Amino acid sequence: ISSIGYIASSVSEEIIYRGFVQQYVNENLRSSSFKISKGNFVATFLFLLSHLGFFLIMPPLFVVASLFTVVVFSLVAGYLLDSAKNIWLPISVHICINMLHILIQVGFS
């Protein structure tokens, strides 16, 4: 995937999972006193499901580590959205994470 592909996927994933799913759940379910919103949990679960394809392209141990980081990132991105009330913050962080991923891949090749 090219840098532009990573940027496009970052923007589209954040719009789908944070912009639509998380906000929809938060608007339609009562909030809890817990720091992480119900919408964030639902969006994170769906975000995790969308990354299960890692099992097709990576060794299993690496997949488990990668999926763990996907969950942590997703919860942080959702928290940023809930706190800032601005989709651009999680989009920017997602782009930075994906660019870091490219740098790591280049470094290992």
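The values are calculated or read from the model by the stated rules, or taken from the named source; none is laboratory data. These numbers were taken from a predicted model, which means no experiment stands behind them. Glycine gets a Cβ as well: all are built from the backbone with ideal geometry, and neighbour counts include every protein chain shown. In case anyone asks, the SASA skips ligands and DNA or RNA and just uses the protein heavy atoms, side chains included. Shrake-Rupley method; radii C 1.70, N 1.55, O 1.52, S 1.80 Å.
General observations
- Residue 6 meets each of the listed conditions (1) at pLDDT 95 or above; (2) surrounded by 13 or more Cβ atoms within 10 Å (Cβ to Cβ); (3) over 12 Å from residue 90 (Cβ atoms) apart from (1).
- Just one of the listed residues (75, 67) is of a type in the set (A, V, I, L, M), out of contact with any Pro (no Cβ under 8 Å at 6 or more places or on another chain), over 18 Å from residue 9 (Cβ atoms) and open to solvent by less than 60 Å² (accessible area, probe 1.4 Å), and it is 75.
- Single unsatisfied condition, residue 101 versus (1) more than 19 Å from residue 5 (Cα to Cα); (2) open to solvent by 40 Å² or more (accessible area, probe 1.4 Å); (3) in a helix (DSSP H, G or I); (4) modelled with pLDDT under 95: (1)
- Residues that are under 16 Å from the mean Cα position of the chain (by Cα), among the small types (Gly, Ala, Ser) and surrounded by fewer than 16 Cβ atoms within 10 Å (Cβ to Cβ), drawn from the range 21-64: 50, 53
- Applying the criterion of at least 2 residues that are of a type in the set (Gly, Ala, Ser) to the helices (runs of 4 or more DSSP H) found wholly in the range 1-84 leaves 3-13, 38-50, 60-84.
- The residues of the range 85-96 that are in a helix (DSSP H, G or I), surrounded by 16 or more Cβ atoms within 10 Å (Cβ to Cβ) and hydrophobic (A, V, I, L, M, F, W, C), listed by number, are 89, 91, 93, 95.
- Output for the range 62-81, where each listed residue is modelled with pLDDT of 95 or more, in contact with a helix residue (DSSP H, G or I) (Cβ under 7 Å, 6 or more places away or on another chain) and not aliphatic (A, V, I, L, M): 73, 74, 78, 79
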